1. Can you pull out the residues in the stretch 93-144 that are within 21 Å of E80 (Cβ to Cβ) and of a type in the set (F, W, Y)?
2. Which is of a type in the set (A, V, I, L, M, F, W, C) and touching a strand residue (DSSP E or B) at 6+ places or on another chain (Cβ under 9 Å), of A179, A200, A194, A228?
3. In the stretch 95-111, which residue that is of a type in the set (S, T, Y) and assigned to a loop (DSSP other than H, G, I, E, B) is farthest from K42 (Cα to Cα)?
4. Working carefully through the options T181, T206, T195, find the one that is touching a residue at least 12 places away in the same chain (Cβ under 8 Å) and farther than 20 Å from S413 by Cα.
5. Suppose the filter is among the basic types (K, R) and within 15 Å of T189 (Cα to Cα); does K274 pass it?
6. Could you please find all residues in the stretch 6-47 being modelled with pLDDT of 70 or more, crowded, with 22+ Cβ neighbours inside 10 Å and among the β-branched types (V, I, T)?
7. Pull up the stretch 107-131, narrow it to residues that are of a type in the set (V, I, T) and either at positive phi or without any contact (Cβ under 8 Å) to a residue 40 or more places away in the chain (or both), then point me to the one that is surrounded by the most Cβ atoms within 10 Å (Cβ to Cβ).
8. Which of the residues that make up the stretch 182-210 are outside any helix (DSSP H, G or I) and either at pLDDT 95 or above or within 18 Å of D263 (Cα to Cα) (or both)?
Amino acid sequence: MSVYYLVTLRFSVTKTKQLKNEVGTGKGDNLIWHKAKDLHGKANTLAEAEKLKAQPGQTDTELKKELRKLAESLKNAVGENELASDSLQQALSELSTATANDPRDLITKAEDVIKHYDDVTKKYKTVTVKSTEYTGALGGAEQNKYTEVTSQFGLLQDIGLLYVHGHTNLTDLNTGGTAQTGLATKAATLKEKATALNGAANAIVTEAAKDGSPLKDLSGPATQLKDAAKNGSNGLFEKAQALAGNSGGDASEQADGVIDAFDAVEKKYEALMKKAETNKLTNDERVIEVVKEFHAVKTTYYQMLITYRIKKKATLFHQAASKLQTEAKGAGPDTPLKALQSNASSEMGNLVQKADKLQRINVGTESDANIVSNYLKVEGAYIALETMKQFKAAEGVPQVKTVKTKFDALKKSYVNVLKLRIQELATLAQDLYTKADTLSAVNELQSPANALRDAASHTSGGLKEKAESLATSISVLVS
């Protein structure tokens, strides 16, 4: 249930009704309310973890007090049940009983869900920025009390992505480089999100400038993030604006600008978060607001230029792999590259070949299946090379470093897109289940319709459930 998408519910009664239908009863139906209840349980287990408490004969540390408090805040934001005042569970309960034919009642209660989900998200972020402290304090097998919270939040968060079908359609480039019909609108949305991120980062800069401000050390990285988001010339805002304003010609240059600008924003964001964690400022409300706005930018970005971005990342990776292959062939004796050439020439050649095929995918017409197949072949070839001792021995060589960096960028783009596609598949499977269930009311069609329904969505083995299981695994991989 992505808060950035759900905000649009105030304009759409239809979407609000869909949200209401996805709330469920909170009792074993694997819908939003049920997942929220499970998140409360996981957060409570974390808050009550014995290793976060003072051990017999020991003094309770400030760190452990803080870690317990953060987990308790998340738990309380979700709420123990529907009777927990000012909680997500209470808001979900009220939406579940909203009058279906009363738009005002529906929208008001949906907006209350949005508000409380936003609060849960903020509390969750304050927990995750302390991931190192949690895993360190818990240690060993007890670390799963933290990881189970992150996994469960991913399940709750991913519910919203069940609504993305239609929001990634026609937001890429066509063959030939022209923009698809939905790309301008998506780019305009990205522009707005970049503006909000700029404002959030600027709030840190403003506060840091005050005498004695604890945020003083964040001024530099926050300024860089602010400017990367919007600076009047080459920030993400400006690049998204240029793409949104494309008049119908080749948009590949503007698309490249958006991709490069987002990469710059992400790099500056990560630098700011690292500085905030070092200075123990991750709980500051201005830092939390930056986290929120960055993820709004990221969500929108990965819903556009999907095939084009993978092709671009594949091209950069192919160039890096080809350069490594060439340099290794001409390397002098007794060098890491010479050893790599002597022992891994076939692996490098295979990698270059597979990367070349991936970079040749057709933007606008290539099927998802072909993209996945070609990517997996690249990944397999890369792993075969990466695991060789000669490759590991050459990790300090610039050409090898570049190959690793470009592969990581390609993998990140692929995984984020795959996550979206799997969620769309889950939505389609649920729609198929619903339609087949309705069809089964016709007596002569009951048996085949029931079979179709159960294949689409069943207790454990349906297409929907398998898609959701895969999406969960991908969430863990991305986090």
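The values are calculated or read from the model by the stated rules, or taken from the named source; none is laboratory data. These numbers were taken from a predicted model, which means no experiment stands behind them. Heads up, the Cβs are rebuilt from the backbone with ideal geometry, glycines too, and the neighbour counts pull from every protein chain shown.
1. Answer for the stretch 93-144, where residues must be within 21 Å of E80 (Cβ to Cβ) and of a type in the set (F, W, Y): Y117, Y124.
2. Working: A200 fails: touching a strand residue (DSSP E or B) at 6+ places or on another chain (Cβ under 9 Å); A194 fails: touching a strand residue (DSSP E or B) at 6+ places or on another chain (Cβ under 9 Å); A228 fails: touching a strand residue (DSSP E or B) at 6+ places or on another chain (Cβ under 9 Å).
A179 is the lone residue from the list that is of a type in the set (A, V, I, L, M, F, W, C) and touching a strand residue (DSSP E or B) at 6+ places or on another chain (Cβ under 9 Å).
3. Among those that are of a type in the set (S, T, Y) and assigned to a loop (DSSP other than H, G, I, E, B), it is T99.
4. Of T181, T206, T195, the one residue that is touching a residue at least 12 places away in the same chain (Cβ under 8 Å) and farther than 20 Å from S413 by Cα is T195.
5. Values: among the basic types (K, R): yes; within 15 Å of T189 (Cα to Cα): no.
In short, no.
6. Of everything in the stretch 6-47, those that are modelled with pLDDT of 70 or more, crowded, with 22+ Cβ neighbours inside 10 Å and among the β-branched types (V, I, T) turn out to be V23, I32.
7. First, pick out the residues of the stretch 107-131 that are of a type in the set (V, I, T): 107-108, 113-114, 120-121, 126-129.
Next, only the ones that are either at positive phi or without any contact (Cβ under 8 Å) to a residue 40 or more places away in the chain (or both) stay: 108, 128.
Numbers: T108: 15, T128: 17.
Top of the filtered list is T128.
8. Filtering the stretch 182-210 for residues outside any helix (DSSP H, G or I) gives 182, 209-210.
Those that are outside any helix (DSSP H, G or I) and either at pLDDT 95 or above or within 18 Å of D263 (Cα to Cα) (or both): A209, K210.
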